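K.L.:
Just passing along the structure, written as structure tokens.
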Amino acid sequence: KNIWDKQPVYTEVWLEKDALSGIFSDITEEYGVTLVVGRGYNSWSAYREAALRFKNQRKPVSILYFGDFDPSGLDIVRALQESLNFFGISPEIEKIALTIQDITDYDLPPDFTKKTDSRSAKFIKKYGDLAVELDALPLPALQEKIRASIANKLDMAALKEIQVLESQERKELADLL
């Protein structure tokens, strides 16, 4: 069933790191939310495909972004916004993790910012020589951030209604077979 018919906002989760995609997909599938894994910056074809998906929704679009706390991890949000704007799409993009607050709250182990990254100087000036991988966030905390951010965007009663209907229809089909 298409869960988006009764949702006020079309929502996707975008992830910088392929290594975490299994953790994310287990949760996004529960909610029927699309997961886009970028492996860093996305390609133009990925942005184009996303723009087509978003235009077909005919409702506001929200992207929940998860990436490292480093120059690239923060800049990907800018690149994502600008690239989708190029295709005439202006979604709300929210960086859920990793944030400076996560680093403080969970006392995450820091690393040094890669000096070879062209965005390092600006990043270091703002945040200091501090970089932290999304993987450093404890698994239960990461899973809770994924679930809470999705649930915050969805009409959970409408989602439950669709899931119950889908379950009933599956049972009816199984009985027929």
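Taken together, the values in this text are just the output of simple stated rules run on the coordinates, not laboratory data. Model, not experiment: these values are computed from the prediction. Every residue, glycine among them, receives a Cβ derived from its backbone with ideal geometry; neighbour counts consider all protein chains shown.
K.L.:
Quick one: compute the contact order of region 1-83, relative version, from alpha carbon pairs under 8 angstrom and 6+ residues apart, as a percent.
P.N.:
40 percent
K.L.:
Dipole size in debye (nearest 20) for region 97-177 around its Cα centre, Lys and Arg Cβ +1, Asp and Glu Cβ -1?
P.N.:
540 debye
K.L.:
Pop the C-beta distance of residue 175 and residue 106 into the FRET formula with R0 = 45 Å and round what comes out to the nearest 0.05.
P.N.:
0.40
K.L.:
Now for a different question. About the Cα centre of the chain, how large is the charge dipole given +1 on each Lys and Arg Cβ and -1 on each Asp and Glu Cβ? Please answer in debye to the nearest 20.
P.N.:
So the magnitude is around 720 debye.
K.L.:
Using a basic spin-label model with each label point 7 Å from the Cα along Cα→Cβ, how many nm lie between residue 9 and residue 78?
P.N.:
The two pseudo-label positions are separated by 2.4 nm.
K.L.:
Return the FRET efficiency for the residue pair residue 151, residue 19: r is the Cβ-Cβ distance, R0 is 22 Å, and the value is rounded to the nearest 0.05.
P.N.:
0.35
K.L.:
Still on this structure, please answer the following. Could you state the angle between the C-alpha long axis of helix 156-176 and the longest principal axis of the C-alpha atoms of the chain, as a value from 0 to 90 degrees rounded to the nearest 10?
P.N.:
50 degrees
K.L.:
Same structure, new question: Please determine, in degrees from 0 to 90 and to the nearest 10, the orientation of helix 21-31 with respect to the longest principal axis defined by the Cα atoms of the chain, where the helix direction is its Cα long axis.
P.N.:
Roughly 40 degrees between the two axes.
K.L.:
Of the cross-linked pairs 6/160; 17/145; 1/160; 1/145; 122/153, which ones have a Cα-Cα span greater than 20 Å in the structure shown?
P.N.:
Exceeds cut-off: 1/145; 122/153.
K.L.:
On to the next question. Can you tell me, using C-alpha contacts under 8 Å and at least 6 residues apart, the relative contact order of the chain as a whole percent?
P.N.:
Across the chain, relative contact order equals 27 percent.
K.L.:
Here's a follow-up. Excluding residues on the same chain fewer than 8 positions from residue 55, give the aspartates and glutamates whose Cα lies under 15 Å from its Cα.
P.N.:
5, 12, 92
K.L.:
Give the shape of the chain as rounded, prolate or oblate, defined through the alpha-carbon gyration tensor: a ≥ b ≥ c are the square roots of its eigenvalues, a/c under 1.5 means rounded, and otherwise the shape is prolate if a/b is larger than b/c and oblate if not.
P.N.:
The shape class here is prolate.
K.L.:
By how many degrees, between 0 and 90 and to the nearest 10, does the Cα long axis of helix 44-57 differ from the longest principal axis of the chain?
P.N.:
Helix 44-57 and the main axis of the chain meet at about 40 degrees.
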